[in-house]
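Remarks on the structure that follows.
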Amino acid sequence: MLPTCDGPTRVLAEVILTLTLLLTVSTLAGAVGGFQRWPLIAALVGLSAVIHVVVRRPGPEPPESGPSLVTSTGAAEVGLLVVSVALLAGQWAPRVAAAVAHGITNQDSLKYHLTFAARFATTGWLTRIAQLGPEFPDAFHPANNEVLHALGMVAFGDDRLSPFLNLAWAAGVLLAGWCIGRPFGVAAVTAVAGAIVLAGPLITEVNAGSGSNDIAAIFCLLAAAAMLVQTIGTNSVTGALVVGGCAAGMGIGTKLTVVGPMAALTVGVIATGMSGNRLRRVGTWVVPMVMTGAFWYLRNWIRVGTPVPSIDLSVVGLPAPSFETVETFGFRVIDYADDRGVWTDWFFPGLQLAFGPLWALTLVLGALGTIAASLDRARERITRVLALTVAVGVTVYVVTPTTALGPPGKPILFASNLAYLTPSLLLSLALLPIAPAARQGRTRVVVTALMAVTLLSTTMARHSFRGTELSAWSGSYVPVAAVVALLAALVSLALLSLGPPDRRTLLAVALVTVIASAPVLSSTREGRYEHDERFRWAQSAKGARIAIAGFGPQYPLFGEDLQNSVQYVGEPGPNGEFHHVRSCTRWRAALRAGRYTHVQLRSEQHRVEETLLTWTNSDPAATRLEFGGKGTYLFAFDPSVPDGTGCTS
């Protein structure tokens, strides 16, 4: 497919195609309830045999990349990249180690990322809607990344691989960044751009050792852009467009917030003069994109009547479900464009929390990269397409509901939702070094120096805001961080000096790593969620059917080996709506209909939770259990006991 690609670009293409095949097989199997170990093994082995037969005829030999990749960029720039890899690995290692030893604790991971994965792995279905809580449309999010987590759960029966998945995505981001700059001779600097964003305090805290999908979305956008860049100066672009379309589709199927940038990228591909006529460009880019990105939207459309329930599509005749949380608190950044108080009290501190003390420099460098790329008329318009992609991504971000989520005048989740902006921001930073002026003489030195200053500022950031204190570095597992940082520096230096290893070497390294890691992974899982009394009891429960209400994090209740089933109890509404239960009779009926053996309630946000506690306390089927979790109430429940007390509501 890509006879002119070599070295890192070939590796990136193979990664994209491998993920495409895994996701395609998984979604097809999960559409018919076959997302289970043996059906997946049979499908993947069969697909491998077909691929072997199809491609066994030898094609053109790829060009030699040479013994060293250092020659494609300056030695000082390579040194900066090695340092950035070491810093990034040192930041992430303690958090990954903590997740392995004690369980993943990121709130969004426990509420829906890993909960989706656990449901996929235990039910075998990907098409069933799993309502995770009332008045919010998170049940309808695209879930490609969660499918990959679920594949690990299907393979091993637990989540032992999940803390490492984002680490793999981070490596992919650096690889894609390298490939963007390689045709221009600035590969190391464009890879450093990726490290700047990944090393930010908020991205590190939320994604390192977690089930979050922010970095997966970043990888998909950068990988699609990298494949487009490979078409510069060659007549063989069809394969690159196919692979790039696969990456774009994976992004759309991973996170809603990259749909805008991917749409802009698609328009740019179709509008440019690449790969013959316009119809052919549609086929080579759009068809793979639909194949890897349309599944979740088609599922939603079939199940609830609209592909994106969180967006009002009534103008095209589709239903517009109501979600109270979004309607009440889902403010957009643009809603506060002229509110000086919000900028001073929330936006500026949030930007510092996310990107470090030199956040303004990071944004300025991104803006300069976008402007420079938009003015580049010498590169077959590809860089201008990428500049358009960034511009659309930023525009979509500021008008997206929930980017300033919170009560009026208090966008308390602005900082955390800056993750929606990071794919476009990282691409804009990668565009700066490839600008014609930035690749020459002193300007190149200045750009590299600014990247270095921004990286160091970001990686060393520590910031406290309204009770939230974030640091790029964790205070635990310091020896682990030091060792991993040193190993990462040595490995990256070896790869840059010797070139990518062949497949046999990679396989040998993978086998040694798995064998060496197995005892550690097995022994460290004994302390999972011991620190959290809400979840500790469920680790040893076997076959429990748990009804919950009043709190979001629910994944740990599935248990260490995913032996339990968990469901938030609410009242379904039309077109995917999901509301609080407002009636004692309906609450008790729902507990019996679900055949639940346990009920866990927690008082955190909504007044209705105290009512649920009263209804459950007086239910003859419920037995209050002694439980140390403050504000949390656990009941054993016997669904065969009739509700003989009568409800007054």
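The values are calculated or read from the model by the stated rules, or taken from the named source; none is laboratory data. Keep in mind the model is a prediction, meaning the values are calculated, not measured. Using ideal geometry, Cβ is built from the backbone for each residue, glycine included, and neighbour counts are taken over all protein chains shown.
Please return the ranges of helices (runs of 4 or more DSSP H) entirely within region 268-334 where 3 or more residues are within 23 Å of Lys255 (Cβ to Cβ) and not aromatic (Phe, Trp, Tyr).
Once the helices (runs of 4 or more DSSP H) in region 268-334 are filtered for at least 3 residues that are within 23 Å of Lys255 (Cβ to Cβ) and not aromatic (Phe, Trp, Tyr), what remains is 287-293, 295-304, 324-329.
Among the candidates Thr115, Thr127, Thr122, single out the residue that is of a type in the set (Ser, Thr, Tyr), under 23 Å from Thr257 (Cα atoms), assigned to a helix (DSSP H, G or I) and out of contact with any Pro (no Cβ under 6 Å at 6 or more places or on another chain).
Details: Thr127 fails: assigned to a helix (DSSP H, G or I); Thr122 fails: under 23 Å from Thr257 (Cα atoms).
The unique qualifying residue is Thr115.
Taken together, the residues in region 541-556 that are part of a loop (DSSP other than H, G, I, E, B), modelled with pLDDT of 90 or more and over 21 Å from Thr611 (Cα atoms) amount to 2. Considering the conditions (1) modelled with pLDDT of 90 or more; (2) more than 18 Å from Ala360 (Cβ to Cβ); (3) surrounded by fewer than 19 Cβ atoms within 10 Å (Cβ to Cβ), Thr400 is excluded by exactly one of them, (3). Say we look at region 39-70 and pick out the residues that are part of a loop (DSSP other than H, G, I, E, B) and of a type in the set (Ser, Thr, Tyr); which of these is modelled with the highest pLDDT? Ranking the candidates gives Ser65 first.
Within region 307-359, the set of residues being over 23 Å from the mean Cα position of the chain (by Cα), farther than 19 Å from Ala404 by Cα and of a type in the set (Val, Ile, Thr) comprises Val315, Val316.
Among the residues of region 1-50, those that are under 25 Å from the mean Cα position of the chain (by Cα) and of a type in the set (Ser, Thr, Tyr) comprise Thr9, Thr18, Thr20, Thr24, Ser26, Thr27. Checking Leu613, Leu591 one by one, the residue that is at pLDDT 90 or above, touching a strand residue (DSSP E or B) at 6+ places or on another chain (Cβ under 7 Å) and either within 17 Å of Leu557 (Cβ to Cβ) or assigned by TED's automatic domain parsing to the domain that holds Ile548 (or both) is Leu591 and no other. Of all the residues in region 178-217, those that are farther than 22 Å from Met460 by Cα, among the hydrophobic types (A, V, I, L, M, F, W, C) and buried (at least 24 other Cβ atoms within 10 Å of the Cβ) number 7. Cβ-Cβ contacts under 8 Å between residues 6 or more apart (or on different chains), taken from a first residue in region 122-137 that is within 20 Å of Ala549 (Cα to Cα) to a second residue that is among the β-branched types (Val, Ile, Thr) and part of a helix (DSSP H, G or I), are listed as Ile129/Val304; Ala130/Thr115; Leu132/Thr115; Glu135/Thr325; Glu135/Val326; Phe136/Thr325; Phe136/Val326; Pro137/Val326.
If you go through region 421-456 one residue at a time, how many are surrounded by fewer than 20 Cβ atoms within 10 Å (Cβ to Cβ), over 17 Å from Val78 (Cα atoms) and in contact (Cβ under 8 Å) with a residue 24 or more places away in the chain? Of the residues in that region, 2 qualify.
Conditions (1) β-branched (Val, Ile, Thr); (2) crowded, with 20+ Cβ neighbours inside 10 Å, marked per residue:
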position	(1), (2)
Glu77	no, yes
Val85	yes, yes
Thr105	yes, no
Ser109	no, yes
Phe136	no, yes
Val147	yes, yes
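Please find, among Ala549, Ala593, the residue that is surrounded by fewer than 16 Cβ atoms within 10 Å (Cβ to Cβ), over 23 Å from Ser210 (Cβ atoms) and among the hydrophobic types (A, V, I, L, M, F, W, C).
Working: Ala549 fails: surrounded by fewer than 16 Cβ atoms within 10 Å (Cβ to Cβ).
Going through Ala549, Ala593 in turn, the sole match is Ala593.
Condition check for Phe116 on (1) within 21 Å of Val25 (Cα to Cα); (2) in contact (Cβ under 8 Å) with a residue 40 or more places away in the chain; (3) touching a helix residue (DSSP H, G or I) at 6+ places or on another chain (Cβ under 7 Å): one failure, at (2).
The residues of region 260-287 that are closer than 14 Å to Thr231 by Cα, at pLDDT 85 or above and among the polar types (S, T, N, Q) amount to a single one, Thr284. Of the listed requirements (1) closer than 21 Å to Glu135 by Cβ; (2) of a type outside the set (A, V, I, L, M); (3) free of Cβ contacts under 8 Å to residues at least 12 places away in the same chain, Arg624 misses just one: (1).
With a cut-off of at least 2 residues that are small (Gly, Ala, Ser), name the helices (runs of 4 or more DSSP H) lying wholly within region 177-264. Before you say what the answer is, go through the steps one by one.
Details: elements: 187-198, 201-207, 214-229, 238-252.
Correct list: 187-198, 214-229, 238-252.
Screening Thr585 on (1) at pLDDT below 90; (2) over 26 Å from Ser310 (Cα atoms); (3) surrounded by 14 or more Cβ atoms within 10 Å (Cβ to Cβ); (4) β-branched (Val, Ile, Thr) shows it passes everything except condition (1).
Among the residues of region 163-189, which ones are polar (S, T, N, Q) and over 21 Å from the mean Cα position of the chain (by Cα)?
Pass one, region 163-189, residues polar (S, T, N, Q): 166.
Of everything in region 163-189, nothing turns out to be polar (S, T, N, Q) and over 21 Å from the mean Cα position of the chain (by Cα).
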